[in-house]
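Undergrad: Here it is, the structure, as structure tokens.
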């Protein structure tokens, strides 16, 4: 299985409505993807996290590069000033604590 973890820091309160609209559409898309095993998200006012698991890397990449998720990624520079993500093979879905620890070791990408 593939586990994907993302963190996105929302640029300002004015971008929050756009972020929520794009996120809702991307979540709806994810829930319809045949390779999705699990989906979880946490949003605190200016930081959003996702934790997903997929049957295989191709299923994850098909989701990432198409539809609502692709449109959301095009708006990343508008919505966010920093983000980071990682994906890897795993036997089990990590806890949120473990997932956030994995992100801590990554550098932010700046938009």
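Any read-out appearing in this document is the output of simple, stated calculations on the displayed coordinates, not a laboratory observation. None of the values given here were measured: they were computed from a predicted structure. Note: ideal-geometry Cβ built from the backbone for every residue, glycine included; neighbour counts use all protein chains shown.
Undergrad: As a check on your grasp of the helix formula, calculate [θ] at 222 nm for the chain: sum -39500 (n - 2.57) over DSSP H runs of n ≥ 4, divide by the residue count, round to the nearest 500.
TA: After summing the helix terms and dividing by residue count, I get -12000 deg cm²/dmol.
Undergrad: Let me ask something else. Among 63, 108, which comes first, then next, by fewest other beta-carbon atoms within 10 Å?
TA: Ranking 63, 108 by Cβ neighbours within 10 Å, fewest first, gives 108, 63.
Undergrad: Which angle from 0 to 90°, rounded to the nearest 10, does the C-alpha axis of helix 16-32 make with the longest principal axis of the chain?
TA: The answer is roughly 20 degrees.
Undergrad: Rounded if a/c is under 1.5, else prolate if a/b beats b/c, else oblate: with a ≥ b ≥ c from the C-alpha gyration tensor eigenvalues square-rooted, which is the range 27-69?
TA: Details: a/c = 2.22, a/b = 1.73, b/c = 1.29.
It is prolate, given that a/c is not under 1.5 and a/b is the larger ratio.
Undergrad: Given that just one value was derived from the coordinates, which of (i) 39, 24, 22; (ii) 39, 30, 19; (iii) 36, 30, 22 is Cα extents along the principal axes in Å?
TA: Entry (ii).
Undergrad: Test of understanding: ordering 69, 105 by Cβ neighbours within 10 Å, fewest first, what list do you get? The partial results should precede the final answer.
TA: Working: 69 20, 105 8.
Fewest to most other Cβ atoms nearby, the residues stand as 105, 69.
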